[in-house]
Amino acid sequence: MTLLDGKKTAADIKEEIALEVRELKNNDQKVPHLAAIIVGNNGASVTYVNAKVKACERVGFESTLIRLEENISEDDLLNEIEILNIDKDIDGFIVQLPLPKHIDEQKILMAVNPEKDVDGFHPTNVGKMALNLPTFISATPFGILELLDRYNIETSGKHVVVLGRSHIVGSPMSILLSQKRKVGNATVTMCHSRTKNLTQITQQADIIIAAIGIPEFLKATMIKDNVTIIDVGITRMADPSKKNGFRLVGDVAFDEVAKKADYITPVPGGVGPMTIAMLLKNTLLACKRRN
Ligand code: GUN
């Protein structure tokens, strides 16, 4: 069994990005500038956004963090987005999800200038992704493609089973892996909460992407030998023995599944760190496209 080390791979990618930033600086060119909007005080969201901003600093990007009150109106949030849309210094920005219930998430995502939409969530960019046109591929699916690529895991002709149909992971992942692309050409089965005979399907998978948000859902009895497992789950489980009071648990029962798998991502340290690296990659791309 080989661990797919997202932490190490993300560090490699960030080093490559930092090198490019140094070259931009040496040539008196603009360095990428990422902005992030966060609404409210959701603990996990604040942690993720802070990690994104810190990652910007490490690779030499400029970054701007905009923290807004939980009770901000939809109109005021739209206003903040418009300011970033027209700010010439900002190459890309994200609005951290989830948003409070009184705000229409889709409306907000549609207000982001697609050329600055480094999350790849705008319908224009989702459409381009689905058509295999140049765009911003969302950080999590992009990170999974990159991890499979850097570990030389063959996807062509393989049976990939995607668990979960979220707009952020499951849905784009199933589209991308079925496309004619370097990491693609797979036969993809997309499973979700209404799927019948799930175990029969997962037992046929060469690669399983688990993105359902149910801790330790995928058990050893559900897989065949020599499978590749990508675990996208990161649920916070109360754990008094930890300093921060919780531990992170994936969608895969790691210990038992790892015994049968050829390749598996750990949680934490698998897909998570890759998403930040790919957000930076998208921001660098946005900067290059704009300048
Ligand atoms: N919430 C969970 N994942 C993401 C992400 O990739 N981008 C944003 N903006 N919010 C998220």
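Between residue 246 and residue 132, the modelled label-to-label distance comes to 3.9 nm, taking each label 7 Å out from Cα in the direction of the beta carbon. Helix 74-86 versus the longest principal axis of the chain: what is the Cα-based angle in degrees, 0 to 90, to the nearest 10? So the inclination is approximately 70 degrees. With respect to the chain, whose longest principal axis is taken over its alpha-carbon atoms, helix 6-26 is tilted by about 30°. Across the range 166-178, coupling constants 3J(HN,Hα) worked out from phi with the 6.51/-1.76/1.60 Karplus curve, θ = phi - 60°, read 5, 5, 7, 10, x, 5, x, 4, 5, 5, 4, 6, 8 Hz, and Gly and Pro carry x. Each residue in 190, 1 was given a count of other beta-carbon atoms within 10 angstrom of its own, and listing them fewest first yields 1, 190. In the neighborhood of residue 166, defined by Cβ-to-Cβ distances under 14 Å, what is the net charge if each Lys or Arg adds +1 and each Asp or Glu adds -1? In short, -2. Can you give the local net charge around residue 247? Use residues other than it whose beta-carbon is closer than 10 angstrom to its beta-carbon, Lys and Arg +1, Asp and Glu -1. Counting the neighbours of residue 247, the net charge comes to +1.
Do you know the relative contact order of the chain, to the nearest whole percent, from alpha carbon pairs under 8 angstrom that are 6+ apart?
Over the chain, the number comes to 22 percent.
How do the peptides 51-57, 91-97 rank, highest first, by the average count of neighbouring beta carbon atoms within 10 Å per residue?
Values: 51-57: 17.0, 91-97: 24.0.
Final packing ranking: 91-97, 51-57.
On a straight-distance basis, which lysines could pair with residue 259 in a cross-link, Cα separation under 18 angstrom, same-chain partners fewer than 8 positions away excluded? Result set, ordered by chain and number: 219, 224. The aspartates and glutamates whose alpha-carbon is closer than 16 Å to the alpha-carbon of residue 54, local same-chain residues fewer than 8 away aside, are 15, 62. When each of the peptides 111-120, 234-243 is scored by how many other beta carbons lie within 10 Å of its residues on average, the order from highest to lowest is 111-120, 234-243. Computed over neighbours whose Cβ is under 12 Å from that of residue 126, the net charge equals -1, Lys and Arg +1, Asp and Glu -1. For the chain, what is the Kirkwood estimate of the hydrodynamic radius, computed as the reciprocal of the mean inverse distance between distinct Cα atoms, to one decimal in Å? Hydrodynamic radius (Kirkwood, Cα pairs) of the chain is 19.8 Å. Taking amide H as placed 1.01 Å from N in the peptide plane, the amide H of residue 94 sits under 5 Å from that of 35, 36, 37, each at least 5 places away or on another chain. Here each label is just a point 7 Å from Cα along the line to Cβ, and for residue 58 and residue 194 those points are 4.2 nm apart.
Where a number appears in this text, it was derived from the coordinates with a stated rule and is not lab data. Every value quoted in this text rests on a predicted model; they were computed, and no experiment measured them. Reconstructed Cβ throughout: ideal geometry from the backbone, glycine too, with neighbour counts over all protein chains shown.
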